[in-house]
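Some notes on the structure that comes next.
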Amino acid sequence: MGAKPRIAIVGAGNLGAALAISLCRAGYAIEAVITHSRGPSLNKARKLAKEVGALALAGMPVEMAAEVIWFCVPDAEIAHSARTLASTLRWKGRVAIHSSGALTSDELSSLRKWGAAVASVHPLMTFVRRSRPSLAGVPFALEGDTAAVRIARRMVKDLGGHAYTIRKTEKGAYHAWGTFASPLFTALLATTEQVAAAAGVTPKAARRRMIPILLQTLANYASFDAAGAFSGPIARGDVDTVKRHLRVLREVPAAHEVYVSLARAALGYLPGKNKAALQQALRPSR
């Protein structure tokens, strides 16, 4: 397999689009963007294919030069997609990759049986509809067959990412970690908007006004770690203020629950004063 093998992308969603464009910019030839159906999925594939100079196909062709087939479909569809395409193409000597953070390379076992080397290659990054983040500097967790991992590691390096290996047994916890880092962090931000509303601030204004403190918190975390970035009433051991928060948050029950859970986590993981009194304040009232 050459230094920069030809690639086919299966799926034209947010991840598939970001990956195809980044690979193209890194000098990789994208042969095809493949979907399993026509209609909106094929339209998205055509739009992406045009950006990267590839073909847009509904289904795997019988003949294709691509040496790496990269599955960028939802987790629940990976094994089915692999089985559907298994008998269509000659797989011996090719590499099949999927990008699920939670599932192992065994989702592609049907292709392994046909001679493909398989791997899971997951970028620890968030992909949403209106954003195509650069993959430079992004860590990629790799797991799978030796030949496939070796080629994936080279591709990640060409993308400017950082590849590291992960055990199959670690993938569940790994994906939960990533879920805390982005989707649940976003849920926390949505919760803060609800608390801001109780203070008479609209969601749009809350987003605008929170950005400086959010950015500084992340900067502090990056520079000083979680303990060094921790501040506020729990760090100071200000029991009265925490009690005041809990009283007003009874009007926003979901936020109250989040506050208590995060405050307890703070008491467990972070430095602070008056921890016993704070633990008592966080206990549910009878």
> With each label point set 7 Å from Cα along the Cα-Cβ vector, what nm distance links Tyr269 and Ala198?
Replying inline: 2.3
> segment 144-186: D in µm²/s via Stokes-Einstein (Kirkwood Rh, Cα pairs, 37 °C, 0.692 mPa s)?
Replying inline: 274
>> Counting C-alpha atoms alone, how compact is segment 7-56: give Rg to one decimal and Dmax as a whole number, in angstrom.
In response: 9.5, 30
> Quick one: if you stick a label point 7 Å off each Cα along the C-beta vector at Ala219 and Lys4, how many nm between them?
Replying inline: 3.7
> If you stretched the chain out fully between Ala173 and Arg236, how much longer would it get, using 0.36 nm times the residue separation minus the C-alpha to C-alpha distance?
Replying inline: 19.5 nm
> In cubic angstrom, how much convex hull volume per residue do the alpha carbon atoms of the chain span?
Replying inline: 165
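Quick check on my link table: of Lys168/Lys273; Lys4/Lys47; Lys50/Lys113; Lys47/Lys171; Lys50/Lys171; Lys204/Lys243, which ones sit more than 31 Å apart, alpha carbon to alpha carbon? Mind showing how you got there, number by number?
On the way: Lys168/Lys273 40 Å; Lys4/Lys47 24 Å; Lys50/Lys113 33 Å; Lys47/Lys171 33 Å; Lys50/Lys171 34 Å; Lys204/Lys243 28 Å.
With Cα atoms farther than 31 Å apart: Lys168/Lys273; Lys50/Lys113; Lys47/Lys171; Lys50/Lys171.
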> segment 1-129: Rg/Rh from Cα coordinates, Kirkwood Rh?
Replying inline: 0.92
> For segment 109-175, what is the largest minus smallest coordinate of the Cα atoms on each principal axis, given in angstrom and ordered from greatest to least?
Replying inline: 38, 27, 22
>> Quick check: residue separation of Glu51 and Phe185 times 0.36 nm, minus the Cα distance between them. What number comes out in nm?
In response: 45.1 nm
> For Val138 and Glu63, what is the calculated FRET efficiency with R₀ set at 30 Å and r taken between the beta-carbons, to the nearest 0.05?
Replying inline: 0.35
>> I need the peptides 177-184, 24-31 ranked by packing, meaning the mean over residues of other C-beta atoms within 10 angstrom, with the highest value on top.
In response: 24-31, 177-184
> Rounded to the nearest 500 deg cm²/dmol, what is the calculated helix-only ellipticity per residue at 222 nm for the chain, with -39500 (n - 2.57) per DSSP H run of length n ≥ 4?
Replying inline: -16000 deg cm²/dmol
>> Full-extension gain between Thr88 and Ala277, please, as 0.36 nm times their residue separation minus the C-alpha to C-alpha distance.
In response: 61.5 nm
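All of the numbers you see were taken from the coordinates with simple rules; none came from a lab. This is a predicted model, so every value here is computed, not measured. Don't worry about glycine lacking a Cβ; one is built from the backbone with ideal geometry, like all the others, and counts go over all protein chains shown.
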